[in-house]
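A.B. asks: I have a structure here, written as structure tokens, and I will follow up with some questions on it.
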Amino acid sequence: MIESVQAYFRALAETHPKWNFIYLYDPVQAARIAEGLWMTLQLAVACVVFSVLIGVAGAWLQGARQAVVRAFVQGYIQFFRNTPPLIQLLFFYFALGQFTPTYSPDGWLEVPVISNVGWAIISLSFFAGAFNVEIFRAGIEAIPESTREAADALGMSRLQIYVYVVFPLAFRVSLPALNNNLVNLVKTTTQAIVIAVPELLYQLVSMYNDYSTSQNACMLLMFVVYITLVGVLVLGMNRWERALRIPGYGA
Amino acid sequence: MNERSWDPSRPIVSIRDVHKSFGDLEVLKGVSFDVMKGEVVCIIGPSGSGKSTLIRCVNALNSIDRGSILVEGQEVHAPDLDMLELRRKVGMVFQQYNLFPHKTALENVMMAPVLVLKEPRREVEERARTLIRKVRLDGKESSYPGELSGGQQQRVAIARSLAMRPDVMLFDEITAALDPETVKEVLVTIRELAEEGMTCILVTHEMGFAREVANHIYFTDRGVIVEHGPPATFFTEARDPRTREFLSQIL
Ligand SMILES: Nc1ncnc2c1ncn2[C@@H]1O[C@H](COP(=O)(O)OP(=O)(O)O)[C@@H](O)[C@H]1O
Ligand SMILES: [Mg+2]
């Protein structure tokens, strides 16, 4: 079965040199794709998780009593929202990367403690996190002051009110906007290619540099993978939205 | 330690010459009265006369500019006030119920005792179920606020407040948002509470109810108490023209 598929695409590459699906018959290339896909998945999941955590923490800090803290969060948002993520990646890796300490696993080679993958996760998480702070903030503002006040009158602390009352409600309000931002984030992970993170785009680009006839096949795969990846994310988010729906509440 | 020195022969709530402004607007212009343990006090008066502001000062949801409010001998507006202790002692029910919409009726009632008093869940749940039965909502334990009528939500709100085992209850026009048929079911609950000896301060427009349940009625207008007395004399012998006008409109 597998062998006949491989034979088919090998033959196709011979007869139609523009459609060399090399990764469908060459195990070495298939392994590169698998590696790239795995890296892309890790990158996407890590960035989604961290950016949401940054959003939650940032939205809490935006309500801080200290003006310095609020100003700091505002500065962070402005910086990351108003500069291109591509430049952020380059800046984090090449500028900040120089100042990070190194360690030497074999007593010979010096390796920075934060790898290019690490920098990509940091940079992209902060990028999407800035938008998430704003998204959650809008959600929090939609929660009536009277609900907060009721919790206050029951003796709940500011943190308890945020964790148990305001955020759970605000999160539901924020989900559609969060959904958009996370889709955007997953797509933006491809830009990690500029700091040589071996994710899917990186692998595909190097593949068609090695085998130029595979270019169309590589492009095609790129679209298929991202449509699937984003599709799964959107489906999951919609399910979550439904699961969180409160009977008799909201629209 | 002051609190320990309070004995029940002295007022449980003592309001002395309270002044409160919002910006240029002076809402309370020297209000004083006492409430003894187990008393039911009704505050009536035209809209905007400062009734809500006054009772919100009692549990420190509002600050005051001048004067003093003692709850069980403790100054509510002292800088070193133990806020948690105050909020535990003084329960409040609002006009708009302000339930937590993402929590079931039972969870609404359990939340504060578990989070604030750190009591064991099992114990709290037992008490919460008893309270829900007491406000005649058996069978609605797992309903969300959005699935309950206004009157039912208001009774959950009362149970939620009682779950903290307060010594004083504040009610701010809690039947004003209800349709006439459901007003009664809420008033029945309050009357039972009063009969059990709960100290209640009610802002209300339900004159029939005030006449029946209150020990003392205060009429406020433009930030001052214009007239007060026990219901037997208040309704028949009001001297102040403003009070008489108000009563003639509402009775
Ligand atoms: N937080 C606030 N900020 C500014 N003005 C307020 C605030 N709360 C109440 N007021 C004003 O104080 C006055 C008294 O309000 P309130 O105590 O709610 O009256 P009542 O409950 O008797 O209707 C009103 O004019 C109202 O607009
Ligand atoms: Mg009011």
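The values are calculated or read from the model by the stated rules, or taken from the named source; none is laboratory data. What you are looking at is a predicted structure, and each value in this text was computed from that prediction instead of being measured. Cβ coordinates were reconstructed from backbone atoms using ideal geometry, including for glycine residues, and neighbour counts include every protein chain displayed.
A.B. asks: Being more than 24 Å from A:Tyr93 (Cβ to Cβ) and touching a Pro at 6+ places or on another chain (Cβ under 7 Å) narrows it down to one residue among A:Thr213, A:Thr228; which is it?
C.D. replies: Working: A:Thr228 fails: touching a Pro at 6+ places or on another chain (Cβ under 7 Å).
After applying the criteria, what remains is A:Thr213.
A.B. asks: Whether any residue in region B:60-70 is more than 19 Å from A:Ser157 (Cα to Cα), hydroxyl-bearing (Ser, Thr, Tyr) and modelled with pLDDT of 95 or more is what I want to check. So that I can check it myself, show each step before the final result.
C.D. replies: Just the residues of region B:60-70 that are more than 19 Å from A:Ser157 (Cα to Cα), to begin with: B:64-70.
Pick out the ones that are also hydroxyl-bearing (Ser, Thr, Tyr) and you get B:68.
Now drop any that are not modelled with pLDDT of 95 or more, which leaves B:68.
Within region B:60-70, one or more residues are more than 19 Å from A:Ser157 (Cα to Cα), hydroxyl-bearing (Ser, Thr, Tyr) and modelled with pLDDT of 95 or more.
A.B. asks: Which residue, of B:Val76, B:Val114, is in contact with a Lys or Arg (Cβ under 7 Å, 6 or more places away or on another chain) and either away from chain A (no Cβ under 14 Å) or away from ligand 1 (no atom under 16 Å from the Cβ) (or both)? Working first, answer last.
C.D. replies: Working: B:Val76 fails: in contact with a Lys or Arg (Cβ under 7 Å, 6 or more places away or on another chain).
From the options B:Val76, B:Val114, the qualifying one is B:Val114.
A.B. asks: Here's another thing I want to ask about it. Being surrounded by fewer than 21 Cβ atoms within 10 Å (Cβ to Cβ), modelled with pLDDT under 95 and among the small types (Gly, Ala, Ser) is the filter here, so list the residues in region B:39-59 that pass it.
C.D. replies: B:Ser47, B:Gly48, listed by residue number.
A.B. asks: Within region B:160-182, which residues are away from chain A (no Cβ under 14 Å) and either crowded, with 20+ Cβ neighbours inside 10 Å or under 24 Å from B:Leu106 (Cβ atoms) (or both)?
C.D. replies: Those that are away from chain A (no Cβ under 14 Å) and either crowded, with 20+ Cβ neighbours inside 10 Å or under 24 Å from B:Leu106 (Cβ atoms) (or both): B:Thr175, B:Leu178, B:Thr182.
A.B. asks: Right, here's the next one. I'm trying to understand the selection: among the residues of region B:47-72, which are of a type in the set (Asp, Glu) and either closer than 16 Å to B:Phe22 by Cβ or within 16 Å of ligand 2 (Cβ to nearest atom) (or both)? Give the derivation first.
C.D. replies: Quick first cut of region B:47-72, residues of a type in the set (Asp, Glu) only: B:65, B:72.
If the condition is that a residue be of a type in the set (Asp, Glu) and either closer than 16 Å to B:Phe22 by Cβ or within 16 Å of ligand 2 (Cβ to nearest atom) (or both), then B:Asp65 is the only one that fits.
A.B. asks: Cβ-Cβ below 6 Å, separation at least six or inter-chain, first residue in region B:47-65 and farther than 15 Å from B:Leu170 by Cα, second more than 10 Å from ligand 1 (Cβ to nearest atom) and at pLDDT 95 or above: which pairs?
C.D. replies: Cβ pairs passing all conditions: B:Ile64/B:Val18; B:Asp65/B:His19.
A.B. asks: Got at least one residue in region B:176-185 being farther than 26 Å from A:Leu159 by Cα, at pLDDT 95 or above and hydroxyl-bearing (Ser, Thr, Tyr)? Even if it seems obvious, please write down each step before you answer.
C.D. replies: Of region B:176-185, the ones farther than 26 Å from A:Leu159 by Cα are B:176-185.
With at pLDDT 95 or above added as a condition, the list becomes none.
No, region B:176-185 contains no residue that is farther than 26 Å from A:Leu159 by Cα, at pLDDT 95 or above and hydroxyl-bearing (Ser, Thr, Tyr).
A.B. asks: Report, by residue number, each residue of region B:137-159 that is away from chain A (no Cβ under 14 Å) and within 20 Å of B:Cys200 (Cα to Cα).
C.D. replies: B:Gly151, B:Arg155
A.B. asks: Scan region A:179-211 residue by residue and report those that are in contact with a Gly (Cβ under 8 Å, 6 or more places away or on another chain) and of a type outside the set (Asp, Glu).
C.D. replies: First pass over region A:179-211, keeping only residues in contact with a Gly (Cβ under 8 Å, 6 or more places away or on another chain): A:198-204.
Passing the criteria: A:Pro198, A:Leu200, A:Leu201, A:Tyr202, A:Gln203, A:Leu204.
A.B. asks: What is the one condition in (1) free of Cβ contacts under 8 Å to residues at least 24 places away in the same chain; (2) at the interface with another protein chain (Cβ under 10 Å from one of its Cβ atoms) that A:Ile143 does not satisfy?
C.D. replies: Looking at each condition in turn, A:Ile143 falls short on (1).
A.B. asks: Does region A:87-109 include one or more residues that are outside any loop (DSSP other than H, G, I, E, B), modelled with pLDDT under 90 and of a type in the set (S, T, N, Q)?
C.D. replies: yes
A.B. asks: Follow-up. If we scan region B:5-24, do we find a residue that is assigned to a helix (DSSP H, G or I), more than 14 Å from chain A (Cβ to nearest Cβ), on the phi < 0 side of the Ramachandran plot and more than 16 Å from ligand 2 (Cβ to nearest atom)? It would help to see each step written out before you state the result.
C.D. replies: From region B:5-24, those assigned to a helix (DSSP H, G or I) are B:5; that's our starting set.
Next cut, more than 14 Å from chain A (Cβ to nearest Cβ) only: B:5.
Then drop every residue that is not on the phi < 0 side of the Ramachandran plot, which leaves B:5.
Cutting the leftovers down to more than 16 Å from ligand 2 (Cβ to nearest atom) gives us B:5.
The answer is yes, given that some residue of region B:5-24 is assigned to a helix (DSSP H, G or I), more than 14 Å from chain A (Cβ to nearest Cβ), on the phi < 0 side of the Ramachandran plot and more than 16 Å from ligand 2 (Cβ to nearest atom).
A.B. asks: A:Trp108 passes all but one of (1) away from every other protein chain (no Cβ under 14 Å); (2) crowded, with 19+ Cβ neighbours inside 10 Å; which number fails?
C.D. replies: A:Trp108 satisfies every listed condition except (2).
A.B. asks: What helices (runs of 4 or more DSSP H) completely inside region B:36-117 contain at least 2 residues that are within 12 Å of the chain's Cα centre (by Cα)?
C.D. replies: On the way: elements: B:51-58, B:83-89, B:105-115.
Where helices (runs of 4 or more DSSP H) fall fully within region B:36-117 and carry at least 2 residues being within 12 Å of the chain's Cα centre (by Cα), they are B:51-58.
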